[in-house]
Amino acid sequence: MMDARLLSGIGTMIAVAETGNFARAAESLGLTPSGVSRAIGRLEQRLGARLFNRNAQATVLTEAGRQFVAEVTPLLAGIADAAARTGGETQAVRGRLRVNCDSWFASLMLAPKLQSFLDAYPALTLDLVVRDTLGDLVSDGFDAAIRFGVPQAPGPVTRRLLETRILTCAAPSYLARHGRPNHPSALADPAHHCLLFRDPATGRPFDWEFHRAGEILRVSVHGRLVLNDVATSIAACMAGLGIAQPMALGIDAALRDGRLVELFPDWNGEYFPLHAYYPSRHLPPAKVRAFLDFVLAEVA
């Protein structure tokens, strides 16, 4: 049989984790701070583990607390969604939806089209957070994420949305000064300046690779400018600062009007994926399903 006090304590714990302290959690739950403290104390005693570390500046989950939240949050979401289904509210999309998103995708594909999504669900508030890493969806308080790159480890549910080619490009002004390389291996010459892009997973610049019909050519390139934002990298490339390896997604116009020149069209067989992430496959909340359906429709 479900222990109501245990469930109530878990709800109080989630509120504290989301708001960051006992006072704000108490306000959101309609309780007193001492009531929240007692509820957390009872839950810690029941579990036999300390769930929060507290000081004058912050209240943060312990390792045991993070693990517990990671395990129970999908279950609570399932309970909430099952209740909505039972109550005939399967299509009710409301509340706050917090999404972790890659900056290039957010600015290029989401922002111009979000009005239709918001119009379709007037009871929903979308909190779109642009970050350069996925992080931990549960402990960071995200309902979903949209990110480029290969998933690094098992964890949240992952769904591939698209793949985009990696191109090697330069501006006409760069080629006028430095000449056009006739083969990827020419970029090993220090006379060529390449714009390096930092891998958020490792903190180091991505290696430069060139793919053709299953062949992979790795080239040790030279560069004095390291970037971690796609838009800035493309702007720097168009300004003639160096050769870049941008994703094909979003630079069609620059290639058509000549602001960028693709250098090695025979060596553009590398693809970079875009994935959607969400915490649980089992009964994801209606707001998450609605958002993912919207993103999939726009990607298609």
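Below are the figures for this structure:
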read-out: Residue that is nearest to the chain's Cα centre (by Cα), among those in the range 247-300 that are over 30 Å from L175 (Cα atoms) and among the hydroxyl-bearing types (S, T, Y); value: Y277
read-out: Hits in the range 250-263 - residues which are open to solvent by 40 Å² or more (accessible area, probe 1.4 Å) and either within 19 Å of L162 (Cβ to Cβ) or touching a residue at least 24 places away in the same chain (Cβ under 8 Å) (or both); value: D252, A253, L255, R259, E262
read-out: Test: residue in the range 200-207 that is under 24 Å from the mean Cα position of the chain (by Cα), touching a residue at least 12 places away in the same chain (Cβ under 8 Å) and assigned to a strand (DSSP E or B); value: yes
read-out: Subset of the range 120-136 [closer than 11 Å to G95 by Cβ and part of a strand (DSSP E or B)]; value: L124, T125, L126, D127
read-out: The range 253-288, residues that are in a loop (DSSP other than H, G, I, E, B) and of a type in the set (D, E, K, R); value: D257, R259, E270, R281
read-out: Total residues in the range 156-184, condition open to solvent by 40 Å² or more (accessible area, probe 1.4 Å) and under 20 Å from the mean Cα position of the chain (by Cα); value: 6
read-out: Per-region count, the range 185-216, residues aromatic (F, W, Y) and open to solvent by less than 40 Å² (accessible area, probe 1.4 Å); value: 2
read-out: R224, sole failed condition from (1) surrounded by fewer than 15 Cβ atoms within 10 Å (Cβ to Cβ); (2) in contact with a helix residue (DSSP H, G or I) (Cβ under 8 Å, 6 or more places away or on another chain); (3) closer than 16 Å to H178 by Cα; value: (2)
read-out: Members of the range 11-69 found to be open to solvent by less than 50 Å² (accessible area, probe 1.4 Å) and not in a helix (DSSP H, G or I), listed by number; value: G20, N21, A49, L51, F52, A58, T59, L61, T62
read-out: The listed residue being under 20 Å from P200 (Cα atoms), among the aliphatic types (A, V, I, L, M) and open to solvent by 30 Å² or more (accessible area, probe 1.4 Å), out of A236, A276, A231, A244; value: A231
read-out: Pairs where the first residue, in the range 57-74, is among the polar types (S, T, N, Q) and the second is at pLDDT below 85, C-beta under 7 Å, 6+ apart; value: T59/G20; T59/N21; T73/V138; T73/P279
read-out: Number of the exception - Y278 against (1) within 30 Å of S116 (Cβ to Cβ); (2) at pLDDT 90 or above; (3) in contact with a Pro (Cβ under 8 Å, 6 or more places away or on another chain); (4) not basic (K, R); value: (2)
read-out: Candidates A25, A17, filtered to the one that is without any contact (Cβ under 8 Å) to a residue 40 or more places away in the chain and closer than 11 Å to T59 by Cβ; value: A25
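The values are calculated or read from the model by the stated rules, or taken from the named source; none is laboratory data. The shown structure was predicted, so the numbers you read here are calculated from the model rather than taken from an experiment. Please note: Cβ atoms are built from the backbone with ideal geometry, for glycine as well, and neighbour counts cover all protein chains shown. For the accessible areas, the whole protein counts, side chains as well, though only heavy atoms, and no ligand, DNA or RNA atoms are used. Shrake-Rupley method; radii C 1.70, N 1.55, O 1.52, S 1.80 Å.
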